[in-house]
Amino acid sequence: MKFKKIIILLLLSVFLTGCSPEKKAEIPEEPAVRDLFAMDTYMNLKVWCADGDTALDESAVLISDLEKLFSVTNPDSDTSRINQNAGNFVDISDHTANLLQEAMLIGSESHGALDITVYPVLKEWGFTTGNYQVPDDDTLKNLLSYVDYTQIQLEENQVRIPEHVQIDFGSLAKGYTSDQLIALYKSCQAESAIVNLGGNVQALGRKPDGSLWTVGIVNPFAPDENFGIVKIENQAVITSGNYERYFISDDGDIYWHILDPKDGYPADNGLLSVTIIGESGLLCDGLSTALFAEGTEQAVQHYQKSDNFEMILVTDTGKILLSEGIQENFQNLSSFPVEVISHET
């Protein structure tokens, strides 16, 4: 009997280690911090919890696992297997199925402004390889004939895309990952955490001192500066801009990586920067790309018909369009004029 009691106690000690909702311990004053490089970007993670080092170790494993699923360059990833087996159903993970479902939902709500099947066009421009070029019209026309997210067939954990179609999760993967990290920290009973995945910022709760988190927003006219700051709690702040990845052609024209799926060219619809603020990192990531491609007028209409995000737009005329829900927590550091956008009544 004593031997059995010892075994039971040992098992209990194992189950109560690591991130566990049953574990109660004092939260440290200083955060556990981890810097790492993954998903082709630098990441910084900060979490205040009883066993921060364990939480960060689990974070690194989680990020690595998701990258292995979503990477378009990893031949063994779900993404690559889908692309390599176009025309056939492919078994995929829960994570990939969730990501696909959300990608198609945002695609529908943005009338195709976010389309994960635009990957071959993006590749033709050289944005995935660094071999930049301006495609000729015939090449673009041919590639665009296969761009249509509605052709994706998703049935639980199986997906099929037509032949010649390819997908890429580059506009969604980091947002999904930050959501999963915040969920992990909640399971560790953390009340404060903040992650920065290459500029994609997401926070859990408030700072330990009770104040709001402060996130700077890059000035698209001067990317070394911030044009404003926004204060948040339990939210993500994700920006897409024309200054992030671009090249200058021989004739001096500038081409950036956010493409308009309608014509295959860099989206040039009046916006230089789109910042989305919301509770879901995945939604913010997808919408920052979608609204940029939609352009000023449609982006405003998109916001007015929605209730699950706030936005800060910078137009090519140097004007800030600020949604009413974030107005009190935004500080303009620039000389740009501000127009507040209200929801439809």
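Just so you know, all these numbers are worked out from the coordinates, no wet-lab data involved. As the structure is a prediction and not an experimental result, all values here were calculated from the model. Every residue, glycine among them, receives a Cβ derived from its backbone with ideal geometry; neighbour counts consider all protein chains shown.
Taking the Cα centre of region 176-307 as origin and assigning +1 to Lys and Arg Cβ atoms and -1 to Asp and Glu Cβ atoms, the resulting dipole is close to 600 debye. Extension gain, residue 133 to residue 42: 0.36 nm times the residue separation minus the Cα-Cα distance gives 30.1 nm. In this label model, residue 212 and residue 108 are separated by 3.3 nm, measuring between points 7 Å along each Cα→Cβ vector.
Sorting 324-335, 224-235 by their mean Cβ neighbour count within 10 Å, with the most densely packed peptide first, gives 224-235, 324-335. Rounded to the nearest 20 debye, what is the charge dipole size of the chain about its Cα centre when +1 sits on each Lys and Arg Cβ and -1 on each Asp and Glu Cβ? Dipole magnitude for the chain comes out near 1420 debye. Our estimate of slack between residue 57 and residue 150, defined as 0.36 nm per intervening residue step minus the Cα-Cα distance, is 29.7 nm.
Chymotrypsin sites (Phe, Trp or Tyr not before Pro) within region 67-139: which are DSSP loop residues with at most 15 other Cβ atoms inside 10 Å? Passing sites in region 67-139 are 89, 132. Of the residues 47, 323, 259, the one whose Cα sits farthest toward the positive end of the charge dipole of the chain, with +1 on the Cβ of Lys and Arg and -1 on the Cβ of Asp and Glu, is 47.
Remark: the residue 246-residue 222 segment gains 7.2 nm on full extension, using 0.36 nm per residue and subtracting the alpha carbon distance.
For residue 233 and residue 187, what is the calculated FRET efficiency with R₀ set at 22 Å and r taken between the beta-carbons, to the nearest 0.05? Efficiency at R0 = 22 Å is approximately 0.70. Remark: the Cα gyration tensor places region 147-230 in the oblate category, a/c being 1.5 or greater and a/b not exceeding b/c. Summarising the strand pairing of the chain, around 95 percent of its internal DSSP beta bridges are antiparallel. The modelled label-to-label distance for the pair residue 98/residue 64, using points 7 Å beyond Cα in the direction of Cβ, is 2.1 nm. Taking amide H as placed 1.01 Å from N in the peptide plane, the amide H of residue 271 sits under 5 Å from that of 296, 316, each at least 5 places away or on another chain. Each of 289, 308, 332 was scored by the projection of its Cα onto the charge dipole of region 278-345, and the greatest displacement toward the positive side belongs to 332; charges sit on the C-beta of Lys, Arg, Asp and Glu.
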